[in-house]
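Colleague: The structure under discussion is supplied below as structure tokens; questions concerning it will follow.
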Amino acid sequence: MARSSAGTFVAGLTALALATVGFLAYQASAAQDAAHDGKRSEPSASPAPVAEESPDPQALPAASGEGRRVVYALGVDRVWLVGASEAVQRTYEVRPGTLDPVVGTYSVTSRAAQVTGTDGVLVQHVVRFATLAGTGIGFSAPVEDGAEPTAEPERETGGIRESRADGEAMWEFATLGTEVVVVP
């Protein structure tokens with residue numbers, strides 16, 4: 001009888017362990033679904049939630065400083081040129097390099113009319129504001145429209161690429177000492 005009791009006990013423990021693992025897997029799956037988008041793909045008897053309007057992607061981010069400044073949002077790869085009266089003078093998308101600056105407030109430290117960027121592309125209207133791991137980070141525009149990087153993809157690059165028209169606007173706006181605010 002002892003052997004039969006032990007076998008029953010082990011089988012019971014195994015069943016309990018499998019049920020616990022199954023329950024925990026279900027909870028993890030539900031939590032992951034909720035984290036993804038807050039919606040379940042299963043049908044529901046309740047009315048569908050009304051979709052909230054997403055914020056304007058071109059709107060100046062909150063908590064991005066005050067006064068005349070350049071604002072660079074890492075999450076949306078967008079720049080705003082903000083005048084002293086808090087009016088956005090220009091906003092546009094950019095293409096970042098492989099190194100992102102740390103969130104914070106900087107000043108334009110150097111400018112160059114034309115150089116070869118860290119990615120091997122000839123660029124103009126270079127406006128530098130940070131250094132990370134020994135690599136300068138700044139805004140610039142390719143001299144030739146459509147110029148693509150020739151450097152190796154593993155290479156650390158700090159060039160935040162703008163169109164030629166946007167690069168010219170940045171060049172005229174961001175003189176030495178101009179504040180640059182980097183937000184998430």
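The values are calculated or read from the model by the stated rules, or taken from the named source; none is laboratory data. Nothing here was measured: the structure is a model prediction, and the numbers come from that model. For neighbour counting, all protein chains shown are included, and Cβ atoms are generated from backbone atoms with ideal geometry for every residue, glycine included. In case anyone asks, the SASA skips ligands and DNA or RNA and just uses the protein heavy atoms, side chains included. Shrake-Rupley method; radii C 1.70, N 1.55, O 1.52, S 1.80 Å.
Colleague: With all protein chains present, how much of the accessible area of segment 66-184 (probe radius 1.4 Å) comes from carbon and sulfur, to the nearest whole percent?
Modeller: 49
Colleague: Shifting gears a bit: Mind giving me the nanometre distance, one decimal, between the label points for GLN89 and VAL103, set 7 Å out from Cα along Cα→Cβ?
Modeller: 2.7
Colleague: Turning to a different aspect of this structure: Rounded to a whole number, what is D in µm²/s for segment 85-150 from Stokes-Einstein with the Kirkwood radius over alpha-carbon pairs (20 °C, 1.002 mPa s)?
Modeller: D = 163 µm²/s.
Colleague: Then there's this: Karplus couplings for segment 56-66 from phi (6.51 cos²θ - 1.76 cosθ + 1.60, θ = phi - 60°), rounded to Hz, Gly and Pro as x?
Modeller: 3J(HN,Hα) across segment 56-66, in whole Hz: 5, x, 8, 6, 4, x, 5, 6, 10, x, 9.
Colleague: Under 5 Å between amide hydrogens, which residues at least 5 positions from ALA141 or on another chain qualify, with H placed 1.01 Å from N in the peptide plane?
Modeller: GLN124, GLU162
Colleague: Please calculate how many Å² of accessible area segment 68-146 carries per residue, with a 1.4 Å probe and no DNA, RNA or ligand atoms counted.
Modeller: Normalised by residue count, the accessible surface of segment 68-146 is 45 Å².
Colleague: Is the shape of segment 101-184 rounded, prolate or oblate, going by the alpha carbon gyration tensor and its root eigenvalues a ≥ b ≥ c, with a/c under 1.5 for rounded and a/b larger than b/c for prolate?
Modeller: Since a/c reaches 1.5 but b/c is at least a/b, the shape of segment 101-184 is classed as oblate.
Colleague: How much length, in nm to one decimal, is gained on full extension between ASP56 and LEU132, taken as 0.36 nm per residue of separation minus their Cα-Cα distance?
Modeller: Fully extending the segment from ASP56 to LEU132 adds 24.3 nm.
Colleague: Return the long-range amide H neighbours of LEU74 (sequence gap of 5 or more, or a different chain), with a cut-off of under 5 Å between placed amide H atoms.
Modeller: Placed amide hydrogens put VAL183 under 5 Å from LEU74.
Colleague: Using 7 Å Cα-to-Cβ label points, what is the LEU122/GLU172 separation (nm, one decimal)?
Modeller: 2.4
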